[in-house]
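Enquirer: My questions will all concern the structure given below.
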Amino acid sequence: MNVHTLPASRCPRCHRVVVPPARLCPDHPVTMEAATVSNLGEVVSFTTLHSPPEGFKAPLHIALVELDGGARLFCHGEETKGIRIGSSVGVESLDRVFYFSHMGFADRARLFWRRAGARGEKVASITKSVVQGIWRGRSSGDS
Ligand SMILES: [Zn+2]
């Protein structure tokens, strides 16, 4: 049985926690210490791409999740049905990609994701570039 935590880093100076782990604090160049955080959090924002980048099956669901403890990360999910801002979700990491699943009525321990394999590699490669651009573009309206 897994203990449901995610690897993280904590800054010894400002105590900022980041997921996934980073070598240096994003706020100042201090070497961070290894830490773990709960994999439970809240949806801050989410979107569905109906025309995802090449190599993805549409629709592609993406959520920005704030974990208990404050770290924020982008996650992918198989569906966003029932998900809204503030929904409790569990986050699981597979092949360096984070996935969320709804915790509304499910047992917290029951996270069920298939291995992502090659698809996961592609998701990881676009998360930083494409996804963050999408969020900037969504600052007004909800088309
Ligand atoms: Zn710091």
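The values are calculated or read from the model by the stated rules, or taken from the named source; none is laboratory data. Remember, it's a predicted structure, so these values are computed and weren't measured experimentally. So basically every Cβ, Gly included, is an ideal-geometry build from the backbone, and we count neighbours across all protein chains shown.
Enquirer: Of the residues in the stretch 69-89, how many are without any contact (Cβ under 8 Å) to a residue 40 or more places away in the chain and either part of a loop (DSSP other than H, G, I, E, B) or exposed (fewer than 13 other Cβ atoms within 10 Å of the Cβ) (or both)?
Expert: Of the residues in that region, 5 qualify.
Enquirer: Any residue in the stretch 100-116 that is under 20 Å from Leu6 (Cα atoms) and modelled with pLDDT of 85 or more?
Expert: The answer is yes; a qualifying residue exists.
Enquirer: State the number of residues belonging to the stretch 16-44 that are of a type in the set (Val, Ile, Thr) and within 12 Å of the ligand (Cβ to nearest atom).
Expert: Step one: list which residues in the stretch 16-44 are of a type in the set (Val, Ile, Thr), which gives 17-19, 30-31, 36-37, 43-44.
From the residues that got through so far, the ones that are within 12 Å of the ligand (Cβ to nearest atom) too are 17-18, 30-31.
Of the residues in that region, 4 qualify.
Enquirer: Hey, does the stretch 117-137 have a residue that's modelled with pLDDT of 80 or more and either in contact with a Ser or Thr (Cβ under 6 Å, 6 or more places away or on another chain) or buried (at least 16 other Cβ atoms within 10 Å of the Cβ) (or both)?
Expert: Kept after step one, since they are modelled with pLDDT of 80 or more, are these residues of the stretch 117-137: none.
No: zero hits.
Enquirer: Given the residues Glu92, Glu66, which is the only one that is part of a strand (DSSP E or B), more than 16 Å from the ligand (Cβ to nearest atom), modelled with pLDDT of 90 or more and acidic (Asp, Glu)?
Expert: On the way: Glu92 fails: modelled with pLDDT of 90 or more.
The unique qualifying residue is Glu66.
Enquirer: Then there is this: Restricting to the stretch 6-15, and then to whatever is surrounded by 13 or more Cβ atoms within 10 Å (Cβ to Cβ) and under 23 Å from Val97 (Cβ atoms), can you tell me which residue is farthest from the ligand (Cβ to nearest atom)?
Expert: Leu6
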